[in-house]
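Novice: Following this message is one structure expressed as structure tokens.
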Amino acid sequence: MRFAEIEVDRVRLSEIEQAQQRMGDGRYGICVDCGEDIPRERLLARPMAIRCASCQAAAELHRRRHDAAI
Ligand SMILES: [Zn+2]
């Protein structure tokens with residue numbers, strides 16, 4: 001397994017843990033970054049989503065930039 005694949009799994013695992021935590025405290029379905037409701041269609045497609053589509057895209061862009069800087 002390549003390092004990039006391990007990194008993706010680690011990130012997904014952390015998103016799943018955060019989503020489960022948010023279900024517990026009643027914030028499930030609310031974007032962690034902007035506080036807006038995540039659209040129902042997005043939650044159906046990605047039940048573990050913790051951000052709306054635009055914040056997720058911004059976060060992934062930021063992560064790629066961060067990785068490139070290492
Ligand atoms: Zn958002």
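Read-outs throughout are calculated quantities, based only on the coordinates presented, and are distinct from any laboratory measurement. Given the structure is predicted, the values throughout are model-derived calculations rather than measurements. Note: ideal-geometry Cβ built from the backbone for every residue, glycine included; neighbour counts use all protein chains shown.
Novice: Mind checking the dipole of the chain: about its Cα centre, +1 per Lys or Arg Cβ, -1 per Asp or Glu Cβ, Debye to the nearest 20?
Specialist: For the chain, the charge dipole is close to 100 debye.
Novice: Taking amide H atoms as placed 1.01 Å from N in the peptide plane, list the residues 5 or more away in sequence, or in a different chain, whose amide H sits under 5 Å from that of residue 30.
Specialist: 38
Novice: Tell me the GluC sites (Glu not before Pro) within region 1-53 that lie in a loop according to DSSP and have at most 13 other beta-carbon atoms within 10 Å.
Specialist: Answer in residue order: 36.
Novice: Okay, moving on. Once you have all Cα-Cα distances for region 3-69, histogram them in 10 Å bins from zero and send the whole-percent values.
Specialist: Bins of 10 Å from zero give 21, 51, 25, 4 percent of pairs.
Novice: What does the charge count near residue 32 come to, summing +1 for each Lys or Arg and -1 for each Asp or Glu among other residues with Cβ under 9 Å from its Cβ?
Specialist: Residues close to residue 32 contribute a combined charge of +2.
Novice: So what J values fall out for region 50-67 if you push phi through Karplus, 6.51 cos²θ - 1.76 cosθ + 1.60 with θ = phi - 60°, rounded to Hz, Gly and Pro as x?
Specialist: 10, 9, 5, 4, 6, 5, 5, 4, 5, 5, 5, 5, 4, 5, 4, 5, 4, 4
Novice: I want the local charge near residue 3. Using Cβ-Cβ distances under 12 Å, sum +1 for each Lys or Arg and -1 for each Asp or Glu among the other residues.
Specialist: The answer is -2.
Novice: With runs of 4+ DSSP H residues as the only contributors, calculate the mean residue ellipticity of the chain at 222 nm using -39,500 (n - 2.57) per run, divided by the residue total and rounded to the nearest 500.
Specialist: My calculation for the chain gives -21000 deg cm²/dmol from helical runs alone.
Novice: Each residue of region 22-39 in order: what ³J(HN,Hα) in whole Hz does its phi give by Karplus 6.51 cos²θ - 1.76 cosθ + 1.60, θ = phi - 60°, with x for Gly and Pro?
Specialist: Karplus values, whole Hz, x for Gly and Pro: 5, 4, x, 9, x, 9, 4, x, 10, 4, 5, 8, 9, x, 7, 5, 7, x.
Novice: Additional query: How much length is gained if the chain between residue 27 and residue 60 is pulled fully straight, taking 0.36 nm per residue apart and subtracting their Cα-Cα distance, in nm to one decimal?
Specialist: 9.7 nm
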